[in-house]
Amino acid sequence: TGAVVIIATTDDDRIVLVEQFRTPLGKSVIELPAGLVGDEAGQDDALTAARRELLEETGYRAESVEIVMEGPTSAGLSDEVVTLVRARGLTKAADGGGVGHEEITAHTIPLPQAEPWLFARMREGVAVDPKVFAGLYFAADDRR
């Protein structure tokens, strides 16, 4: 079982985040774009899934994608492995917003202002997926 999480930044150093209402939490959650690997027929791989999910959720197409790392999401409960993928060279190619019943809002936040923006949103009652902070770590230094 696998999922892909996309750390996408624009050429002007903005990180792309998504926000959507998550029924189990009963509130909006800010996350990195993400999805299941193998969601499409033919059992796609992590990089193909990353490109697809980025386009579906945010409307951005990436010139390059590369795997940063992979690891367990909750090793004590599940065998799910998440693959973090770095996406660069973004161009707006569609509206985004998700597919089917998804209602996703994409945010592009300047990297230097991302943490203060996230903490402000948390004070407003919006949940933030901790993986967003891992994404900021990798986005801040492309040598990683």
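Taken together, the values in this text are just the output of simple stated rules run on the coordinates, not laboratory data. The model shown is predicted, which means the values in this text are computed figures rather than measured ones. Cβ placement follows ideal geometry from the backbone for every residue including glycine, while neighbour counts extend to all protein chains displayed.
In what sequence, highest mean first, do 95-103, 2-10 appear when ranked by Cβ atoms within 10 angstrom? It would help to have the intermediate numbers written out before the result.
On the way: 95-103: 12.4, 2-10: 23.1.
Highest mean packing first, the order is 2-10, 95-103.
The equivalent ellipsoid of the chain has semi-axes of 20, 19, 16 Å, largest first, where each one is the square root of 5 times an eigenvalue of the Cα gyration tensor. In this structure, the amide hydrogen of Gly59, modeled 1.01 Å from its nitrogen in the peptide plane, lies closer than 5 angstrom to those of Gly96, Gly97, counting only residues at least 5 positions away or on a different chain.
Under 5 Å from the amide H of Val68 lie the amide H atoms of Leu84, Val85, Arg86, each residue being 5 or more positions distant or on a separate chain, with H modelled from the backbone and absent for Pro and chain starts.
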